[in-house]
Amino acid sequence: MKDLKSLIDVEKLPQHIAIIMDGNGRWAKKHGQPRVFGHRNGVKAVREATEAAAELGVKYMTLYAFSTENWGRPKAEVNALMTLLVQTIRKEIETMNKNNIKLQAIGDLSQLPSKSYKALQEGIESTKHNTRMTLVLALNYSAKWEIIEAVKSIAQQSKDGKIEPNSITEATFAQALSTNGMPDPELLIRTSGEQRISNFLLWQIAYSELTFLPIYWPEFRREHLYQTIIDFQNRERRFGKTSEQIINSKK
Ligand code: IPE
Ligand code: IPE
Ligand code: MG
């Protein structure tokens with residue numbers, strides 16, 4: 001494990017890593033347990049990923065915890081997830097403060113059950129002065145919803161005469177998103193073997209490196225993060241240019 005970590009070039013860390021934590025249900029099924037058992041065991045993986053990222057010096061980590069589409073699951077599972085959210089936040093606040101990690105959230109938080117919303121706000125408030133890493137939970141999150149909200153806000157500003165339609169830039173748009181102020185994720189990881197985005201951060205991942213891991217989320221450990229970062233550092237990010245241009249610009 002130590003060896004893997006030492007292969008990481010800390011000068012070239014992704015500043016922001018986004019993770020689609022998928023496969024809790026299938027992991028539980030594999031162990032002959034109800035889906036909720038998988039969600040509960042996913043918490044350990046969250047802790048591993050968060051602490052490993054913070055220790056390395058990653059500045060932002062965004063975890064997809066509940067999509068707007070997830071409301072369509074059986075009521076008992078939704079309730080269990082919301083309860084788990086409250087319990088986990090309450091339990092982890094102390095450790096987050098000890099580790100100097102700031103909690104943030106994106107998504108339509110106003111639609112969360114009031115208990116979950118309250119626990120979340122308490123967590124955000126209590127960790128707001130922490131500076132080592134920001135942990136962003138995507139909750140009741142939908143990238144299409146986020147984009148529509150940005151469009152509405154920009155349209156309103158235009159209507160109010162505060163913004164000229166012709167002056168709207170990518171930066172204007174990025175500022176209207178809930179990730180305002182955060183760098184775009186350079187690296188997006190999805191566990192469970194599924195290779196899709198499921199309505200996560202559509203604008204922000206325009207140039208992200210994607211990694212799909214063939215493990216279920218409760219199996220995710222620090223080593224998976226280390227290995228993924230090592231692979232990321234061995235990729236050539238060309239941004240539309242040629243390989244020769246990239247190599248020459250590094251000389
Ligand atoms: C991810 O695991 C957790 C959430 C979506 C809340 P799943 O619950 O989607 O697990 P699978 O994909 O059904 O195995
Ligand atoms: C995506 O996982 C959402 C989260 C991880 C919270 P899903 O399991 O809901 O995604 P789909 O429906 O299989 O695409
Ligand atoms: Mg899933």
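Among the candidates Thr134, Thr172, single out the residue that is surrounded by 13 or more Cβ atoms within 10 Å (Cβ to Cβ), in contact with a Lys or Arg (Cβ under 6 Å, 6 or more places away or on another chain), not basic (Lys, Arg) and not in a loop (DSSP other than H, G, I, E, B). Before the answer, list the steps.
Numbers: Thr172 fails: in contact with a Lys or Arg (Cβ under 6 Å, 6 or more places away or on another chain).
Only one candidate passes the filter, namely Thr134.
Consider Pro218 carefully, then state whether it is within 16 Å of ligand 2 (Cβ to nearest atom), more than 22 Å from Trp145 (Cβ to Cβ) and part of a helix (DSSP H, G or I). Lay out the reasoning, then the answer.
Values: within 16 Å of ligand 2 (Cβ to nearest atom): yes; more than 22 Å from Trp145 (Cβ to Cβ): yes; part of a helix (DSSP H, G or I): yes.
Criteria met by Pro218.
Name the one entry in Thr50, Thr68, Thr88 that is within 28 Å of Asp184 (Cβ to Cβ) and within 16 Å of ligand 3 (Cβ to nearest atom). Even if it seems obvious, please write down each step before you answer.
Values: Thr50 fails: within 16 Å of ligand 3 (Cβ to nearest atom); Thr88 fails: within 16 Å of ligand 3 (Cβ to nearest atom).
Residue meeting the stated conditions: Thr68.
Would you pick out the residues in the range 192-207 that are within 24 Å of Leu139 (Cβ to Cβ) and more than 16 Å from ligand 2 (Cβ to nearest atom)?
Trp203, Ala206
Could you tell me which of the residues Glu146, Glu219, Glu209 is closer than 20 Å to Leu109 by Cβ and charged (D, E, K, R)? First the steps, then the outcome.
Numbers: Glu219 fails: closer than 20 Å to Leu109 by Cβ; Glu209 fails: closer than 20 Å to Leu109 by Cβ.
Among Glu146, Glu219, Glu209, only Glu146 is closer than 20 Å to Leu109 by Cβ and charged (D, E, K, R).
Output yes when any residue across the range 9-24 is more than 28 Å from Glu186 (Cα to Cα), touching a Ser or Thr at 6+ places or on another chain (Cβ under 8 Å) and within 16 Å of ligand 2 (Cβ to nearest atom), and no when none is. Steps first, please.
So in the range 9-24, the residues more than 28 Å from Glu186 (Cα to Cα) come out as none.
No: the range 9-24 contains no residue that is more than 28 Å from Glu186 (Cα to Cα), touching a Ser or Thr at 6+ places or on another chain (Cβ under 8 Å) and within 16 Å of ligand 2 (Cβ to nearest atom).
Is it the case that the range 47-62 has a residue that's within 11 Å of ligand 1 (Cβ to nearest atom), of a type outside the set (D, E, K, R) and either part of a helix (DSSP H, G or I) or touching a residue at least 12 places away in the same chain (Cβ under 8 Å) (or both)? Please lay out each step first, then the result.
Filtering the range 47-62 down to residues within 11 Å of ligand 1 (Cβ to nearest atom) leaves none.
Checked the range 47-62: no residue is within 11 Å of ligand 1 (Cβ to nearest atom), of a type outside the set (D, E, K, R) and either part of a helix (DSSP H, G or I) or touching a residue at least 12 places away in the same chain (Cβ under 8 Å) (or both).
Against the condition assigned to a helix (DSSP H, G or I) and either closer than 23 Å to Gln15 by Cα or out of contact with any helix residue (DSSP H, G or I) (no Cβ under 8 Å at 6 or more places or on another chain) (or both), how does Ala155 come out, does it pass? Talk me through it step by step, then tell me what you get.
Working: assigned to a helix (DSSP H, G or I): yes; either closer than 23 Å to Gln15 by Cα or out of contact with any helix residue (DSSP H, G or I) (no Cβ under 8 Å at 6 or more places or on another chain) (or both): yes.
Yes, satisfied.
Being within 14 Å of ligand 2 (Cβ to nearest atom), closer than 29 Å to Ile148 by Cα and not in a strand (DSSP E or B), is that true of even one residue in the range 93-107?
Scanning the range 93-107 turns up at least one residue that is within 14 Å of ligand 2 (Cβ to nearest atom), closer than 29 Å to Ile148 by Cα and not in a strand (DSSP E or B).
Would you please name the residue that is nearest to ligand 3 (Cβ to nearest atom), looking only at residues in the range 147-200 that are aliphatic (A, V, I, L, M) and under 30 Å from Pro214 (Cβ atoms)? I'd like the intermediate steps shown before the answer.
Keep residues of the range 147-200 that are aliphatic (A, V, I, L, M), which gives 147-148, 150-151, 154-155, 163, 168, 171, 174, 176-177, 182, 187-189, 197.
Retained after the next criterion (residues that are under 30 Å from Pro214 (Cβ atoms)): 182, 187-189, 197.
Values: Met182: 25, Leu187: 20, Leu188: 16, Ile189: 14, Ile197: 13 Å.
By that ranking, first place goes to Ile197.
Rule-based calculations on the coordinates, nothing more; no lab input. Nothing here was measured: the structure is a model prediction, and the numbers come from that model. Neighbour counts are summed over all protein chains in view; Cβ atoms, including those assigned to glycine, are modelled from backbone coordinates with ideal geometry.
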